[in-house]
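Novice: I'd like to ask you about the structure that follows.
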Amino acid sequence: METPAIQVNSLSKTFTKAKIKALDDVSFEVETGTVLGLLGPNGAGKTTIVRILTTILKPDSGSAKIFGLNLSSQANLIKRQFGLAGQYAAVDENLTGMENLVMISKLTHLQKRTIKNRCFQLLEQFDLIEAKDRPLKTYSGGMRRRLDLAASLVNTPPLLFLDEPTTGLDPQSRLMLWESIEKLVKEGTTVLLTTQYLEEADKLADQIVVINHGRLIANGTPSELKNQLGTSIVTLTFNDIQQTKSAFEIVTSDIKNKSVIEETSIKILTEDGPKTALQLLRLIDSSALVLTGLNISEPSLDDVFLSLTGLNNHE
Amino acid sequence: MKSEQLHIKSESRSNNIKYLRSAYWLISDILTITKRSLITYTRIPQALFFSTLQPVMFVLLFRYVFGGAIPIKNIQYVNYLIPGIFVQTVLFGSVSTGIGLAEDLQKGIIERFRALPMSKIAVLAGRTVADLVRNIFVIIILTGVAFAVGFRVETSVIFFISGLLLLLVFAFAISWGFTIVGLSAPNSETAQVMSFPLIFPLTFASSAFVPVASMPSWLRGFATYQPVSVLIDASRKLMVNFPSTASNWTVDETLIWSVGALIVLLPLAVFKFNRSG
């Protein structure tokens, strides 16, 4: 069997100053040539995992291997195996696109005579050739992310870390970036991608690891995760939040199914949608509450997230 | 026996090549980061313009506003003043090392540098070298201004240039201290206000603008022997042949201070940088 691209073995990390347990015994593997989506809300520990795996941060305990190389003892070899593109678009806004790429290429210790060609090729690939001599200050958000991604590819790494690559981008730019990522995956690059967007994980990832408060709470393919939930979801909608809260109390006191409240609607997970819906309707009918909507649906990845973390993903 | 010797020899040779290669990449990394910082200065010409204007205004202020009221025996005030202004300028310039570093840390570009196979020291060294270059640029302009307001070298061109080199070396060493400030500050604004209480007493409780003999006795001891005064006295000696009241060895003392500061501050800065991951 081929060595996995990433092997993470019970990593833990505590930030002593902030007294936050950022990672608590996290383990997972990423097969070579696949895409892992690391999913979790803000502050879940996604970036901490990326920073540890890119040798920037040292874990308190646990170990990790990149292509079989040991993170703690072979950091310098590992650094030539991956590219990192960050959520903060870590490029220099005072330099031009070309200057940025040349700088990163030099600091990656590429052979001098190959640098110019490689940079032109990347600028071409990411549709930035016309903007190559403009300082990044003049770039749009999407252009910056593309340059950031290009910068992480100067040495054509077999492994790519993308830390929230599309956070804050408009839908059009997001689509463009997704296409670029999909193309890289097709060419054989292994990708670890962190995201708050379920849609993104669903679209790009072969395997999804969900973390919350530094803990791994789920690990599987998108469809496996969806199957964990049961077969359907009943959604009740009300006029206002007050009514929703009262209804939630009534529902949870009577029904043992997992249920969550989300603004003016309540979602109830169940094996048998119609039967649960009937039961719920009787309950609501016997109260003074006014139901404004009822829906029975297949669970989305959004619902998986909601049920796993008890959190609204968009909060 | 012979083959064993040969083996050892070739091993030490391959080690040598390894050291040479890492030395090559270290220098290459430092130059790349230096170039990046210098490009940044040219892209924000306003910052460079006003940071050069400030010492020029200090020259004019002390030459024409305060200078008349500060009589000093055996020397014209303008000749007394200019070495002091030079030192003040390069020290204030070294503060910008910390500010620039704090700004980079905030923006996340250093995060990317940390994940690259480049040398870590280069991230800091590139910054300090770039600020040395910037200090050289500012000093050249200031030299022109100094001559325009009546400053005259009383030694020789060689001595005058040695004086400039001396204060540039000192400022370079001190800028490593400000990289520590930059690494400790949460943002560039804080780095700036943190630097002020460090640099202010050293620059003003010194022989830069007035003779230390005019200060109260509790301050005089500090003002005479603190390293910035030693540097100013050394520069005066080299540029306008004005003897120090404290020591005949100010140039040597300045070099010792500079090397000492570098030996202490550079490893501290690198240690701090490695820990602040």
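The values are calculated or read from the model by the stated rules, or taken from the named source; none is laboratory data. Computed from a prediction, not measured in an experiment: that's the story for all the values here. Cβ: placed from backbone, ideal geometry, glycine included. Neighbour counts: every protein chain shown.
Novice: Given the options B:Ser51, B:Ser14, B:Ser22, name the one that is within 24 Å of A:Asp92 (Cα to Cα) and either of a type in the set (A, V, I, L, M) or more than 9 Å from every other protein chain (Cβ to nearest Cβ) (or both).
Specialist: Testing whether each residue is within 24 Å of A:Asp92 (Cα to Cα) and either of a type in the set (A, V, I, L, M) or more than 9 Å from every other protein chain (Cβ to nearest Cβ) (or both) leaves just B:Ser51.
Novice: Also, I was wondering about something else. So which pairs qualify, if the first residue must be in segment A:43-61 and facing chain B (nearest Cβ under 10 Å), the second must be part of a helix (DSSP H, G or I) and surrounded by fewer than 19 Cβ atoms within 10 Å (Cβ to Cβ), the Cβ gap must be under 9 Å, and the two must be at least 6 apart or on different chains?
Specialist: These pairs meet every condition: A:Thr55/A:Ala75; A:Thr55/A:Asn76.
Novice: Before we move on, is A:Leu71 assigned by TED's automatic domain parsing to the domain that holds A:Asp206, within 28 Å of A:Arg145 (Cβ to Cβ) and in contact (Cβ under 8 Å) with a residue 40 or more places away in the chain?
Specialist: Answer is no for this residue.
Novice: Any idea which of (1) outside any strand (DSSP E or B); (2) touching a residue at least 24 places away in the same chain (Cβ under 8 Å); (3) surrounded by fewer than 16 Cβ atoms within 10 Å (Cβ to Cβ) is the one A:Leu294 doesn't satisfy?
Specialist: For A:Leu294, the failing item is (1).
Novice: Can you name every residue in segment A:204-219 that is surrounded by fewer than 18 Cβ atoms within 10 Å (Cβ to Cβ) and under 26 Å from A:Ser180 (Cβ atoms)?
Specialist: Once the filter is applied, which keeps residues that are surrounded by fewer than 18 Cβ atoms within 10 Å (Cβ to Cβ) and under 26 Å from A:Ser180 (Cβ atoms), segment A:204-219 yields only A:Asp206.
Here is a yes/no grid of residues against (1) more than 14 Å from every other protein chain (Cβ to nearest Cβ); (2) surrounded by 23 or more Cβ atoms within 10 Å (Cβ to Cβ); (3) at pLDDT 95 or above:
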{"residue": "B:Gly68", "(1), (2), (3)": "yes, no, no"}
{"residue": "B:Phe86", "(1), (2), (3)": "yes, yes, yes"}
{"residue": "B:Val95", "(1), (2), (3)": "yes, yes, no"}
{"residue": "B:Thr128", "(1), (2), (3)": "yes, yes, yes"}
{"residue": "B:Ile136", "(1), (2), (3)": "yes, no, yes"}
{"residue": "B:Ile139", "(1), (2), (3)": "yes, no, yes"}
{"residue": "B:Phe147", "(1), (2), (3)": "yes, no, yes"}
{"residue": "B:Arg152", "(1), (2), (3)": "yes, no, yes"}
{"residue": "B:Ile158", "(1), (2), (3)": "yes, no, yes"}
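For (1) away from every other protein chain (no Cβ under 14 Å); (2) without any contact (Cβ under 8 Å) to a residue 24 or more places away in the chain; (3) under 17 Å from the mean Cα position of the chain (by Cα), each residue gets a yes or a no:
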{"residue": "B:Ala205", "(1), (2), (3)": "yes, yes, no"}
{"residue": "B:Pro211", "(1), (2), (3)": "yes, no, no"}
{"residue": "B:Pro243", "(1), (2), (3)": "yes, yes, no"}
{"residue": "B:Leu266", "(1), (2), (3)": "yes, no, yes"}
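Novice: Those residues that are within 8 Å of chain B (Cβ to nearest Cβ) and more than 13 Å from B:Leu116 (Cβ to Cβ), I need them from segment A:77-90; list them, please.
Specialist: A:Tyr88, A:Ala89
Novice: Now, a different point. List the residue pairs whose Cβ atoms are under 9 Å apart, where the first residue sits in segment A:74-96 and is within 20 Å of A:Thr190 (Cα to Cα), the second is assigned to a loop (DSSP other than H, G, I, E, B) and of a type in the set (Asp, Glu), and the two are 6 or more positions apart or on different chains.
Specialist: Final answer for the pair search is A:Gly86/A:Glu164; A:Gln87/A:Glu164.
Novice: List the pairs whose first member sits in segment B:101-126 and is within 14 Å of B:Val270 (Cα to Cα), whose second member is assigned to a loop (DSSP other than H, G, I, E, B) and of a type in the set (Val, Ile, Thr), and whose Cβ atoms are under 6 Å apart, counting only residues at least 6 apart or on separate chains?
Specialist: B:Arg114/A:Ile56
Novice: Okay, next question. Residues being in a loop (DSSP other than H, G, I, E, B) and not hydroxyl-bearing (Ser, Thr, Tyr): count how many of those fall in segment A:44-80. Steps first, answer last, please.
Specialist: To start, the set of residues in segment A:44-80 that are in a loop (DSSP other than H, G, I, E, B) comprises A:44-45, A:54-60, A:67-68, A:71-74, A:79-80.
Of the ones still in play, those that are also not hydroxyl-bearing (Ser, Thr, Tyr) are A:44-45, A:56-60, A:67-68, A:71, A:74, A:79-80.
So the answer is 13.
Novice: Go through A:Lys106, A:Lys112, A:Lys137, A:Lys132 for me and flag whichever is farther than 20 Å from A:Leu192 by Cβ, touching a residue at least 24 places away in the same chain (Cβ under 8 Å) and within 13 Å of another protein chain (Cβ to nearest Cβ).
Specialist: Just a single option satisfies the conditions, and that option is A:Lys137.
Novice: Checking A:Arg113 against (1) modelled with pLDDT of 95 or more; (2) part of a helix (DSSP H, G or I), which single condition isn't satisfied?
Specialist: Unmet for A:Arg113, out of (1) modelled with pLDDT of 95 or more; (2) part of a helix (DSSP H, G or I): (1).
Novice: While we're looking at this one, here's another question. Looking at A:Leu71, A:Leu57, A:Leu39, which one is surrounded by fewer than 20 Cβ atoms within 10 Å (Cβ to Cβ) and either at pLDDT below 95 or of a type in the set (Phe, Trp, Tyr) (or both)? Steps first, please.
Specialist: Working: A:Leu71 fails: surrounded by fewer than 20 Cβ atoms within 10 Å (Cβ to Cβ); A:Leu39 fails: surrounded by fewer than 20 Cβ atoms within 10 Å (Cβ to Cβ).
Testing whether each residue is surrounded by fewer than 20 Cβ atoms within 10 Å (Cβ to Cβ) and either at pLDDT below 95 or of a type in the set (Phe, Trp, Tyr) (or both) leaves just A:Leu57.
Novice: Here is a further query. Determine whether segment A:26-39 contains at least one residue that is of a type in the set (Val, Ile, Thr) and within 14 Å of chain B (Cβ to nearest Cβ). Spell out how you get there, then give the answer.
Specialist: Looking only at segment A:26-39, we keep the residues that are of a type in the set (Val, Ile, Thr), and these are A:26, A:30, A:32, A:34-35.
Of the ones still in play, those that are also within 14 Å of chain B (Cβ to nearest Cβ) are none.
For segment A:26-39, residues of a type in the set (Val, Ile, Thr) and within 14 Å of chain B (Cβ to nearest Cβ): absent.
Novice: Restricting to segment A:271-291, count the residues that are surrounded by 11 or more Cβ atoms within 10 Å (Cβ to Cβ) and not in a loop (DSSP other than H, G, I, E, B).
Specialist: 12
Novice: Hey, does segment A:165-182 have a residue that's under 22 Å from B:Ile30 (Cα atoms), assigned by TED's automatic domain parsing to the domain that holds A:Ala44 and surrounded by fewer than 22 Cβ atoms within 10 Å (Cβ to Cβ)? Walk me through it before giving the result.
Specialist: Step one: filter segment A:165-182 for residues under 22 Å from B:Ile30 (Cα atoms), giving none.
Looking through segment A:165-182, none of the residues is under 22 Å from B:Ile30 (Cα atoms), assigned by TED's automatic domain parsing to the domain that holds A:Ala44 and surrounded by fewer than 22 Cβ atoms within 10 Å (Cβ to Cβ).
Novice: Tell me which of these B:Ile232 doesn't satisfy, since it passes every other one: (1) surrounded by fewer than 21 Cβ atoms within 10 Å (Cβ to Cβ); (2) under 16 Å from the mean Cα position of the chain (by Cα).
Specialist: (1) is the only condition that B:Ile232 fails.
Novice: Is one or more of the residues making up segment A:253-261 at pLDDT 80 or above and assigned to a helix (DSSP H, G or I)?
Specialist: yes
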